[in-house]
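Just below is one structure, and these are the notes that go with it.
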Amino acid sequence: MAVRELTFRIMRYNPDEPEKKPHLQDFHLTEEPGMSLFVVLNKLREEQDPTLRFDFVCRASICGSCGMLVNGKPTLACKTLTKDLPPVTTLLPLPVFKLLGDLSVDTGVWFRDMSLRTESWIHTDETFVPDAPEVRMDNELALKIYEAERCIECGCCIGGCATANIKSDFIGAAGVNRVARFMVDPRDKRTEREYFDVVGTEDGVFGCIGLMACDDNCPVGVPLRDQLAYVRRKMAVAGWHYQKV
Ligand code: SF4
Ligand code: FES
């Protein structure tokens, strides 16, 4: 198989130097067998430009830190192989999140804010007894919770979401998925009306315009379409009762 010369067109911008406008810079590299974008970016930084900024921690689709736009599609760079890319690839940082530089964005602040807004913790009046024996949970129920917990907070569903790109307060698919996680958990004693107060708004579950790019873009296959339908249904019923009270 012929060895390919690849071009990576990468957005360069340092928010600390606002006088230098964002621009695309071309880098060239010879493709190697089994090469991922993780390898590409590290090679470019080591061999061509030590100032190139991007994030990686695990290299195994676990930590969620390497989300970026690869030829316009939000995805994890560490799981993207060059063999699946054309000779010229454009790399841009995920939109919506605060840009730290080049391909590096701060997803942490966004996810922390979303966690606080959706009150992502078990709400219960029960007193915590540290030495109490563990309470068993039905397997099926545990799996439902685990399904939502598989979110690695990469931000790909948010970066590719039309609503999140124009409404900075929209909680997005990751937020709706988070709410679904607590709704199915019987230890969380919040009523549907209490959930409605948190997500029954245009910035919450009713802000989605149904394009479902989130579902297509989630690199770990969280069933975002189903989660959204589940929470929406519950909140529509809760809202209806709410109006009548
Ligand atoms: Fe990433 Fe999927 Fe979680 Fe969205 S739901 S943040 S795409 S893992
Ligand atoms: Fe951890 Fe890509 S480096 S998900």
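Derivation of every value follows stated rules applied to the coordinates shown; laboratory data play no part. Predicted model only: the values in this text are computed from it and were never measured. FYI the Cβ positions are ideal-geometry reconstructions off the backbone, even for glycines, and counts take in every protein chain you see.
Before moving on, here are some points about what is shown:
- Qualifying residues in the range 199-228 (those that are of a type in the set (Gly, Ala, Ser) and either within 18 Å of Ser120 (Cβ to Cβ) or surrounded by 14 or more Cβ atoms within 10 Å (Cβ to Cβ) (or both)) - the one farthest from ligand 1 (Cβ to nearest atom): Gly200
- Number of positions in the range 134-155 that are within 15 Å of ligand 1 (Cβ to nearest atom) and part of a loop (DSSP other than H, G, I, E, B): 6
- From the list Gly239, Gly172, the lone residue that is of a type in the set (Gly, Ala, Ser) and touching a Cys at 6+ places or on another chain (Cβ under 9 Å) is Gly172.
- Just one residue in the set Leu94, Leu41, Leu76, Leu99 is hydrophobic (A, V, I, L, M, F, W, C) and more than 29 Å from Arg178 (Cβ to Cβ); that residue is Leu41.
- Residue list for the range 156-178, filter: assigned to a helix (DSSP H, G or I) and more than 7 Å from ligand 1 (Cβ to nearest atom): Gly159, Ala162, Thr163, Ala164, Asn165, Ile166, Gly172, Gly175, Val176, Arg178
- Selection of first residues in the range 210-236 that are free of Cβ contacts under 8 Å to residues at least 24 places away in the same chain and of second residues that are within 13 Å of ligand 1 (Cβ to nearest atom) and assigned to a helix (DSSP H, G or I), restricted to Cβ pairs under 6 Å at least 6 apart or on distinct chains, gives the following pairs, ordered by first then second residue: Met212/Arg225; Arg225/Asp215.
- Scoring Met137 on the criteria (1) surrounded by 13 or more Cβ atoms within 10 Å (Cβ to Cβ); (2) out of contact with any Ser or Thr (no Cβ under 9 Å at 6 or more places or on another chain); (3) in contact (Cβ under 8 Å) with a residue 24 or more places away in the chain; (4) not β-branched (Val, Ile, Thr) leaves a single failure, condition (3).
- Exactly one residue out of Glu19, Glu31, Glu5, Glu47 is more than 28 Å from Ala162 (Cβ to Cβ) and in contact with a Leu (Cβ under 6 Å, 6 or more places away or on another chain): that is Glu31.
- Among the candidates Ser115, Ser120, Ser104, residue that is touching a Phe, Trp or Tyr at 6+ places or on another chain (Cβ under 8 Å) and over 30 Å from Arg12 (Cα atoms): Ser120
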